[in-house]
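Accompanying notes for the structure given below.
Readers should treat all values here as calculations from the given coordinates under stated rules, not as data from a laboratory. These numbers come from a predicted model, not from an experiment. A quick note on method: Cβ atoms are made from the backbone with ideal geometry, for glycine too, and the neighbour counts reach across all protein chains shown.
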Amino acid sequence: MTEIKLENLPPEEIKNIQDYRIVLLDKNYERLADKVDAGFREVRESISSLRNELKADTDNIKLEMHNLVNSTLWKIPLLIVAMSTAWGVVKSFAIPLFN
């Protein structure tokens, strides 16, 4: 209703219309609040899911690094033994040739 028509109504009717508008505004507010809450809930769930995925990826990287280090560490002493053995072989064969 327009303001002109409201002026022609009795005060009780104007009060009823205002009360009805307040009820409609409350309902709209509740619907909007529910939508906002649902949106925040979705955002929180997405963040939680991404956090869990990131943690899983980080754990996988840690495991891969651990495996890489463990697979490399045992090769170092083996390489030292192989080099010293090779040097011993070279010394035993090459040095007599030059004497």
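Computed values, structure above
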item: For q = 0.10, 0.12, 0.16, 0.22 Å⁻¹, Debye-computed log10 I/I(0) when each Cα of the chain counts as one equal scatterer; result: -0.69, -0.77, -0.91, -1.08
item: Neighbour net charge for Ala33 - beta-carbon separation under 14 angstrom, K R +1, D E -1; result: 0
